[in-house]
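The values are calculated or read from the model by the stated rules, or taken from the named source; none is laboratory data. The structure presented is a predicted model; accordingly, all values stated were derived computationally and were not measured. Every residue, glycine as well, gets a Cβ built from its backbone with ideal geometry; the counts of neighbours run over all protein chains shown.
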Amino acid sequence: MSSQVPEEWKSEVSDILFDSETIQTRIRELGKQLSCDYRNRKPVLLGVLTGSFVFLADLIRNMTCDLEIRFMRAVSYEGTESTGTVTIEGLELLNIQSRDVLLVEDIVDTGLTLKWICEKLEKLQPKSLKICTFLSKKTKRRKTDVPQVDYVGFECEDQFVVGYGFDCDQRLRQLNFVGIYNTNK
Ligand code: XMP
Ligand code: MG
């Protein structure tokens, strides 16, 4: 990719993975496809906080069908097991029974967060539940029994990414590009 990391972020971001223009072009395509697939269905777009908020904001501005927006929070706790535990906040307020739900995630890595969320959401009896993620990591750590992702912005290598909603200790979310975090800094 030809774009250069802006001077002010060079010590923390080693390279640009997807620049702003590439991201916006892909989101226009996704928005068009989703508008077509969800025409006359008034879907509930359910954003998983915090990482997905930038993607969701851009996505909905490229969608032309009627829709609603809700958010939930998935908090991962590091347990003694490598699988960890995920707690979900905000489920009781969702009210998605008999609705077409599109879960909007920032990134799928092992897929365990997604699996956990989908199991909880299915209990609320949505009419349909599909998954849209901005990034999907090509990782050997992806578990086999995780839900299939229906819409993917980009596939990426197994690197730690920052920007465009992705953080490192809650920072760097505001970058308008996705960068590779400089772990040697
Ligand atoms: P799993 O393994 O459950 O993990 O699919 C998904 C969650 O892990 C976080 N994650 C990242 N966050 N840069 C980030 O800022 C990354 O490269 C990254 N990889 C995984 C993210 O919260 C995601 O929902
Ligand atoms: Mg997440």
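Test Gly111 against the criterion of being within 15 Å of ligand 1 (Cβ to nearest atom) and without any contact (Cβ under 8 Å) to a residue 60 or more places away in the chain, and give yes or no.
yes
Taking segment 14-34 as the region of interest, how many residues are closer than 27 Å to Ile60 by Cβ and either over 18 Å from the mean Cα position of the chain (by Cα) or among the charged types (D, E, K, R) (or both)? Give the steps one after another, and end with the answer.
Kept after step one, since they are closer than 27 Å to Ile60 by Cβ, are these residues of segment 14-34: 16-34.
Cutting the leftovers down to either over 18 Å from the mean Cα position of the chain (by Cα) or among the charged types (D, E, K, R) (or both) gives us 16, 19, 21, 26, 28-29, 32.
Looking only at that region, the number is 7.
Every residue in segment 29-72 that is farther than 21 Å from Lys127 by Cα and of a type in the set (Asp, Glu), please.
Glu29, Asp58, listed by residue number.
Looking at the structure I just gave you, is Thr133 over 30 Å from Lys10 (Cβ atoms), surrounded by 15 or more Cβ atoms within 10 Å (Cβ to Cβ) and under 13 Å from the mean Cα position of the chain (by Cα)?
Working: over 30 Å from Lys10 (Cβ atoms): no; surrounded by 15 or more Cβ atoms within 10 Å (Cβ to Cβ): yes; under 13 Å from the mean Cα position of the chain (by Cα): yes.
Answer is no for this residue.
Considering every residue within segment 89-103, establish whether at least one is more than 15 Å from Val44 (Cα to Cα), surrounded by 13 or more Cβ atoms within 10 Å (Cβ to Cβ) and either within 16 Å of ligand 2 (Cβ to nearest atom) or among the small types (Gly, Ala, Ser) (or both).
no
Among the residues of segment 142-168, write down those that are surrounded by fewer than 14 Cβ atoms within 10 Å (Cβ to Cβ) and either of a type in the set (Ser, Thr, Tyr) or within 15 Å of ligand 2 (Cβ to nearest atom) (or both).
Thr144, Phe160
Consider only pairs whose beta carbons are under 7 Å apart and that are at least six residues apart or on different chains; among these, list those whose first residue lies in segment 57-77 and is in contact (Cβ under 8 Å) with a residue 12 or more places away in the chain and closer than 20 Å to Glu92 by Cβ and whose second residue is more than 16 Å from ligand 2 (Cβ to nearest atom) and of a type in the set (D, E, K, R).
If the second residue must be more than 16 Å from ligand 2 (Cβ to nearest atom) and of a type in the set (D, E, K, R), the pairs left are Glu68/Lys42.
Looking for whichever is in contact with a helix residue (DSSP H, G or I) (Cβ under 8 Å, 6 or more places away or on another chain), charged (D, E, K, R) and farther than 15 Å from Gly47 by Cα here; the options are Asp145, Asp109. Which one fits?
Asp145
Somewhere in segment 82-96, is a residue at pLDDT 95 or above and not charged (D, E, K, R)? Even if it seems obvious, please write down each step before you answer.
From segment 82-96, those at pLDDT 95 or above are 96; that's our starting set.
So of that shortlist, the ones also not charged (D, E, K, R) come out as 96.
Taking every residue of segment 82-96 in turn, at least one turns out to be at pLDDT 95 or above and not charged (D, E, K, R).
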